[in-house]
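Here the structure is laid out as structure tokens; the discussion comes afterwards.
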Amino acid sequence: MTDGIMSKAATMEIPINSNGDTGALAEDDGLEQDLQQVMVSGPNLNETSIVSGGYGGTAEGIIPTSSIKGPAVHYNPEFNKRIPVTGLGPNMHHSSSSSSMAAEETTRGVAVEKIEAMRKWSLNTYKCTKQMISERFGRGSRTVDLELEAQIELLRDTKRKYENVLRLAQALTNHFYNMVQTQHSLGDTFADLSQKSPELRDEFGYNAETQKLLCKNGETLLGAINFFVSSINTLVNKTMEDTLMTIKMYENARLEFDAYRSDLEELSLGPRDAVAMARIDAAQQQYQVHKEKYERLRSDVTIKLKFLEENKVKVMHKQLLLFHNAISAYFAGNQQQLEQTLKQFNVKLRPPGADKPSWLEEQ
């Protein structure tokens with residue numbers, strides 16, 4: 001009997017007035033007509049969305065019905081009654097609620113992780129900036145490895161000088177290539193004039209042969225110079241640059257290490273109550289982490305500098321010998337020695353018909 005009464009009560013008409021209080025809608029015919037117009041002309045509540053803000057709202061007011069909690073109902077515009085929709089069991093509501101809670105927990109966890117990462121980054125940036133400013137103005141101390149710092153500075157100076165050698169070698173290749181192309185065109189012109197000028201056939205003929213021979217030797221020399229330029233470019237822009245990237249990581253680790261070291265020293269000079277001791281312990285842990293990182297990168301830099309020096313000597317010994325022998329043979333007019341030099345250093349010439357040296361195509 002109680003269930004019957006509750007069911008009947010749930011389907012009874014509940015009139016409302018403009019203030020949201022219970023009352024007789026018969027007293028306000030205009031409001032009733034507006035409500036009926038909304039229910040008849042507005043969107044169907046059986047569809048997947050409802051309009052927020054009343055009849056005639058914009059697309060921005062559309063709210064998915066899946067986000068609305070509570071029992072689903074149909075509105076009857078004729079009697080203005082709320083009729084419960086049957087067929088939605090408790091399991092469906094429970095499953096939807098569980099999925100929504102799981103999604104909210106996942107989103108909240110991601111947000112917390114991002115906030116924590118941002119907090120750590122901000123704190124680390126603040127400490128490093130403070131340490132850098134202190135070092136610049138001479139108020140803070142920094143960890144210095146004199147021997148390693150000297151090797152790093154020597155590497156940077158060597159890289160600058162090798163970059164200058166590379167730039168000059170590229171310019172030489174470019175100018176020499178233009179000269180070889182000019183000799184090739186001049187040889188073709190002499191050969192053509194030799195055919196069309198019977199009175200100067202021999203003179204034009206041997207000049208054409210000379211220019212063609214010079215052009216051939218010039219292409220052989222270009223192969224040697226291209227190999228030289230390519231090897232220097234690899235040494236400077238790959239091998240040395242890789243070592244300098246490790247050095248940059250080492251210098252950043254050194255700055256972080258000194259920043260956390262200074263922070264620990266400041267805390268150690270302060271009071272020793274419970275809160276301060278907890279902060280000191282946390283600072284000690286951070287100091288140890290950054291100390292291990294600094295020492296590991298310092299070891300990496302030392303090893304890379306050693307290997308780089310050995311590689312540089314080996315590469316430059318071969319390339320300088322190649323460059324000297326090729327240039328000497330070319331300007332001495334010794335074609336056999338020039339070709340032998342390229343075979344000695346396993347330099348392969350570009351195939352016939354190639355217009356430009358390989359390094360120009362890569363620019």
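The values are calculated or read from the model by the stated rules, or taken from the named source; none is laboratory data. Not measured: the values here are computed from a predicted model. Reconstructed Cβ throughout: ideal geometry from the backbone, glycine too, with neighbour counts over all protein chains shown. The accessibility values were calculated without ligands, DNA or RNA, using every heavy atom of the protein model including side chains. Shrake-Rupley method; radii C 1.70, N 1.55, O 1.52, S 1.80 Å.
Brief remarks follow.
- Out of Leu146, Leu166, one residue alone is among the hydrophobic types (A, V, I, L, M, F, W, C), at negative phi and surrounded by 13 or more Cβ atoms within 10 Å (Cβ to Cβ). It is Leu166.
- Among the residues of this structure, Ala253 counts as one that is farther than 30 Å from Asn164 by Cα, in contact (Cβ under 8 Å) with a residue 40 or more places away in the chain and open to solvent by less than 70 Å² (accessible area, probe 1.4 Å).
- Gly218 touching a residue at least 40 places away in the same chain (Cβ under 8 Å) and surrounded by 14 or more Cβ atoms within 10 Å (Cβ to Cβ): yes
- From Tyr177, Tyr162, Tyr206, residue being over 29 Å from Leu322 (Cα atoms), assigned to a helix (DSSP H, G or I) and of a type in the set (Ser, Thr, Tyr): Tyr206
- Boolean, Ile152 is open to solvent by 50 Å² or more (accessible area, probe 1.4 Å), among the aliphatic types (A, V, I, L, M), assigned to a helix (DSSP H, G or I) and at negative phi: no
- Yes/no for Asn233 being in a helix (DSSP H, G or I), open to solvent by 30 Å² or more (accessible area, probe 1.4 Å) and free of Cβ contacts under 8 Å to residues at least 60 places away in the same chain: no
- Matching option when the condition is in contact (Cβ under 8 Å) with a residue 60 or more places away in the chain and open to solvent by 70 Å² or more (accessible area, probe 1.4 Å), among Asp273, Asp281, Asp242, Asp263: Asp242
- Condition check for Asn174: in contact with a Pro (Cβ under 9 Å, 6 or more places away or on another chain), open to solvent by 20 Å² or more (accessible area, probe 1.4 Å) and not acidic (Asp, Glu): yes
- Criterion: without any contact (Cβ under 8 Å) to a residue 60 or more places away in the chain, assigned to a helix (DSSP H, G or I) and open to solvent by 70 Å² or more (accessible area, probe 1.4 Å) - qualifying residue of His324, His290: His324
- Candidate set: segment 297-320, residues that are open to solvent by 50 Å² or more (accessible area, probe 1.4 Å), in contact with a Phe, Trp or Tyr (Cβ under 9 Å, 6 or more places away or on another chain) and in contact (Cβ under 8 Å) with a residue 24 or more places away in the chain; chosen: the one farthest from Leu146 (Cα to Cα): Lys318
- Among the candidates Arg160, Arg142, the residue that is touching an Asp or Glu at 6+ places or on another chain (Cβ under 6 Å) and either within 30 Å of Leu244 (Cβ to Cβ) or among the small types (Gly, Ala, Ser) (or both) is uniquely Arg142.
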